[in-house]
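Below is one structure, written out as structure tokens; the observations come after it.
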Amino acid sequence: MGLFYERVVRPRLFRQDAEHAHEGAVRALARLGRLGPLCRLLENWAQLPAARFRPVEAFGLKFPNAVGLAAGFDKNATAWPAAAALGFGHVEAGTVTALAQPGNPRPRMFRYPAQEAVINRMGFNNEGAAAVGVRLDRLPGPGRRRIPLGLNLGKSKVAPPEQAVADYLESFAQLADHADYVVLNVSSPNTPGLRALQDEQPLRELLGAVTQANRARAAAPGGRRVPLLLKIAPDLTWPQIDTVLGVIAEFALDGLIATNTTLARPGFFATVGEAGGLSGAPLRHRSTEIIAYIARVTGGRLPIIGVGGITDPASAAEKLDAGAVLVQVYSGMIFRGPFFARDLAWALADRQRK
């Protein structure tokens, strides 16, 4: 299946603008998600047999396999119902902001096939938390899904720094009921000032407010505490990562996602003039290095989702060996095809069994 994609389908897709091809893929998966019987048939082929493989357990949830779809693909939570049919063990939809926003001017997404890399400066284009919440309200909720659904929350571009906490709280209030887990994204390079929220004081204010809101939810009649994770940048220094880990421990977050895209321009990309976050193969070693560091500093007690540069089973296994409990892919799927997650999940499961 992967060979057919790479030789026949991918050349045709790559003749299109990258974002146009992305939008077509999202629409196709949204249509597939409405075809329940076909999804179940594909799922029986794509997913690991439950009788032979144990689920992965992390932050109080069970995942049928270790491979998830990273945030950035399904920005408005329209395609995720079909993800299990492609072999994914979870989906992270978003990034969603409190306010609807168009994102940055096009073109804003660029492929580099020879390097298996992508640069994007999308800018959190999405329909807004209220619209996404209405859509999810019509679909199966937490505990009734084929696979867990995480919701990735970011700051609205128009919200000034002093209103960032209120902005995140608005999205959390709109979407927490629909999420199996929630991610606070403070690490995209494409929203001005967002990465400053990784600094100690702004991060403490944000995590303090959201964890308090989460406790209040749990204390309400019929309430449920939703697992909270933080997504960090690969461009942090080791002292900065230590600071982030200290704040995470202070507020007892459930996990961490390492990492987002990078502003670094290694090797070939030193002469590439496109602004935005670089993802794909060039990010592989830096993200693994950060995962290994976090696992070592925390003694393996903080669940980590590893993201960045996964292009084959070896690069996925590298993340797990470094200390991640789950991995996520997006750029790799662009180059390897829609059933890339299935191939990874089966390879990782066979490796673990052996």
Requested in this report: Please indicate, with yes or no, whether at least one residue in the range 39-60 is surrounded by fewer than 21 Cβ atoms within 10 Å (Cβ to Cβ), over 17 Å from Val327 (Cα atoms), touching a strand residue (DSSP E or B) at 6+ places or on another chain (Cβ under 7 Å) and at pLDDT 95 or above.
Outcome: no
Report summary line: (1) surrounded by 20 or more Cβ atoms within 10 Å (Cβ to Cβ); (2) more than 25 Å from Glu19 (Cα to Cα) all hold for Leu139 apart from (1)
Report summary line: Within the range 15-28, the residues that are under 16 Å from Tyr330 (Cα atoms) and touching a residue at least 60 places away in the same chain (Cβ under 8 Å) are Ala18, Glu19, His22, Ala25
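Residues are listed down the side, and each one gets a yes or a no for (1) of a type outside the set (Lys, Arg); (2) closer than 25 Å to Asn214 by Cα; (3) crowded, with 22+ Cβ neighbours inside 10 Å:
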position	(1), (2), (3)
Leu256	yes, yes, yes
Thr261	yes, no, yes
Ala264	yes, no, no
Gly267	yes, no, no
Val272	yes, no, no
His285	yes, no, no
Leu302	yes, yes, no
Gly306	yes, yes, yes
Arg353	no, no, no
Query raised in the report: Pairs, please: C-beta under 9 Å, at least 6 apart or cross-chain, first residue of a type in the set (Asp, Glu) and in the range 128-147, second at pLDDT 95 or above?
Result: Asp137/Asp177; Asp137/His178
Query - Residues (acidic (Asp, Glu) and within 20 Å of the chain's Cα centre (by Cα)) located in the range 15-47 - result: Glu19, Glu23
Report summary line: Out of (1) in contact with a Gly (Cβ under 6 Å, 6 or more places away or on another chain); (2) free of Cβ contacts under 8 Å to residues at least 40 places away in the same chain, the one Phe124 does not meet is (2)
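Consider Asp235 carefully, then state whether it is more than 26 Å from Ala324 (Cβ to Cβ) and within 19 Å of the chain's Cα centre (by Cα).
On the way: more than 26 Å from Ala324 (Cβ to Cβ): no; within 19 Å of the chain's Cα centre (by Cα): yes.
Answer is no for this residue.
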Query - Breaking point among (1) of a type in the set (Val, Ile, Thr); (2) over 20 Å from Phe59 (Cβ atoms); (3) surrounded by fewer than 22 Cβ atoms within 10 Å (Cβ to Cβ), for Thr298 - result: (2)
Query raised in the report: Which residue out of Phe59, Phe110 is out of contact with any Lys or Arg (no Cβ under 8 Å at 6 or more places or on another chain) and closer than 30 Å to Gln352 by Cα?
Result: Phe59
**Report entry** Matching residues, the range 297-347, being in contact (Cβ under 8 Å) with a residue 40 or more places away in the chain, farther than 15 Å from Leu283 by Cβ and assigned to a loop (DSSP other than H, G, I, E, B)
**Finding:** Thr298, Leu302, Pro303, Val325, Gly337, Pro338, Phe339
Query raised in the report: Is it true that some residue in the range 236-243 is surrounded by 17 or more Cβ atoms within 10 Å (Cβ to Cβ), closer than 30 Å to Pro282 by Cβ and either among the charged types (D, E, K, R) or in contact with a Ser or Thr (Cβ under 8 Å, 6 or more places away or on another chain) (or both)?
Result: no
Query raised in the report: For the range 93-133, how many residues meet the condition of being buried (at least 17 other Cβ atoms within 10 Å of the Cβ) and not in a helix (DSSP H, G or I)?
Result: 28
Report task. Restrict the check to the range 148-164 and report whether at least one residue is within 19 Å of Phe59 (Cβ to Cβ), touching an Asp or Glu at 6+ places or on another chain (Cβ under 8 Å) and not in a strand (DSSP E or B). Result -> yes
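The values are calculated or read from the model by the stated rules, or taken from the named source; none is laboratory data. Remember, it's a predicted structure, so these values are computed and weren't measured experimentally. For neighbour counting, all protein chains shown are included, and Cβ atoms are generated from backbone atoms with ideal geometry for every residue, glycine included.
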